[in-house]
Amino acid sequence: MSPWVKALKEKRPELDVRIYPHDLPREEVTFALAWNHPLGVFKEFPNLKSISSLGAGVDHILKDPDIPEQVQITRIKDENLTNDMADFTMALVLNHMRGLHAYKAAEKTQTWKPHKYKRNEDVTVGVMGIGTLGTEVAHRLSSIGFKVTGWASSAKRLESIKVYTGPDERDAFLATADILICLLPLTPETANILNKDNLLKLPKQAYVINVARGEHLVEEDLIQVIDAGHLAGASLDVLREEPLPEGHPFWTHPKISVTPHIASVTDPESAVVQLLENYDRAQSGEPLLNLVSRTKGY
Ligand code: OXD
């Protein structure tokens with residue numbers, strides 16, 4: 001049984017849960033849960049009220065042009081998801097700060113060579129995307145001594161963190177980020193934002209972490225900018241094509257680390273509580289939790 005069905009049934013045994021496309025009376029379905037669904041399928045469900053993403057992102061739903069206008073879209077906001085993201089980005093930042101990749105590589109040649117390191121307070125981490133996840137990441141890094149800046153599409157206030165706003169302040173933000181963490185939602189405005197022009201606006205020897213979506217990054221540009229010596233390297237948890245294809249240059253690039261989209265994985269047991277709450281709200285016509293704006297794209 002899928003872990004989602006198991007978790008839903010444990011909390012609400014009487015709920016009729018079906019898995020697409022099997023045994024699914026199309027007109028009876030009012031509430032759908034989705035992750036990378038086959039595009040166009042939602043047209044088949046005339047009484048659908050709501051679709052919930054099974055993760056924090058909704059780009060995989062919004063890219064479907066055939067979702068009827070009245071269908072509401074929600075996403076998961078969950079303490080575990082948020083904490084896991086903050087833990088993972090801190091691990092990547094600290095790994096980079098102390099050069100652990102380089103020591104791992106040095107084991108191959110049995111080389112004992114200490115490197116100098118910087119202290120947290122001498123480094124600025126720029127967080128791109130100050131939503132639920134970005135806010136927690138920014139606060140956590142600030143709590144362990146980093147200077148932290150943020151960039152968001154609309155004005156945001158965070159205690160002791162300067163948040164730059166919109167396209168006009170993007171260059172100024174990029175210039176602050178010794179380590180850049182991308183946590184943006186994927187929208188037409190943010191796709192390919194990690195391109196050569198913007199990567200070159202980061203300080204020399206900056207480090208890039210992408211835990212948002214592969215489509216934010218122009219892959220060839222990243223390699224060029226690292227190989228030209230402008231960037232120190234990158235950690236990528238999300239890729240344009242997942243799994244990353246065999247033979248892709250990222251696998252063997254000495255300054256690029258790849259992880260298989262595991263920064264923060266939704267835990268069905270904790271997430272089903274809000275899914276069931278939204279299911280009840282959708283049935284009774286009440287406003288849904290964690291609703292997404294289809295125009296904004298997040
Ligand atoms: C998400 C993800 O959106 O895991 O939750 O990428």
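The values are calculated or read from the model by the stated rules, or taken from the named source; none is laboratory data. Predicted model, so just to flag it, every value in this text is computed and none were measured. All Cβ positions, even for glycine, are placed from backbone atoms using ideal geometry, and neighbour counts span all protein chains on display.
Within the range 171-182, one or more residues are farther than 25 Å from residue 87 by Cβ, touching a residue at least 40 places away in the same chain (Cβ under 8 Å) and out of contact with any Pro (no Cβ under 8 Å at 6 or more places or on another chain).
Do we have residue 275 as closer than 26 Å to residue 47 by Cβ and not in a loop (DSSP other than H, G, I, E, B) here? For residue 275, the condition - closer than 26 Å to residue 47 by Cβ and not in a loop (DSSP other than H, G, I, E, B) - is met. Among the numbered conditions (1) in contact with a Ser or Thr (Cβ under 7 Å, 6 or more places away or on another chain); (2) assigned to a helix (DSSP H, G or I); (3) without any contact (Cβ under 8 Å) to a residue 60 or more places away in the chain, the only one that residue 135 does not meet is (1). Take the conditions at pLDDT 95 or above, of a type outside the set (Phe, Trp, Tyr) and in contact with a Ser or Thr (Cβ under 9 Å, 6 or more places away or on another chain) and apply them to residue 262. Does it pass? No.
Entry remark, the range 168-183: residues being in a helix (DSSP H, G or I) and not aliphatic (A, V, I, L, M) number 5 in total.
There is no residue in the range 195-215 that is within 16 Å of the ligand (Cβ to nearest atom) and of a type in the set (Ser, Thr, Tyr). Tell me yes or no: at least one residue of the range 93-110 is of a type outside the set (A, V, I, L, M, F, W, C) and under 30 Å from residue 33 (Cβ atoms). No, the conditions are met nowhere in the range 93-110. Only strands (runs of 3 or more DSSP E) whose full extent lies in the range 32-131 are considered here, and the ones with at least 3 residues that are within 16 Å of the ligand (Cβ to nearest atom) and either touching a residue at least 24 places away in the same chain (Cβ under 8 Å) or surrounded by 15 or more Cβ atoms within 10 Å (Cβ to Cβ) (or both) are 50-53.
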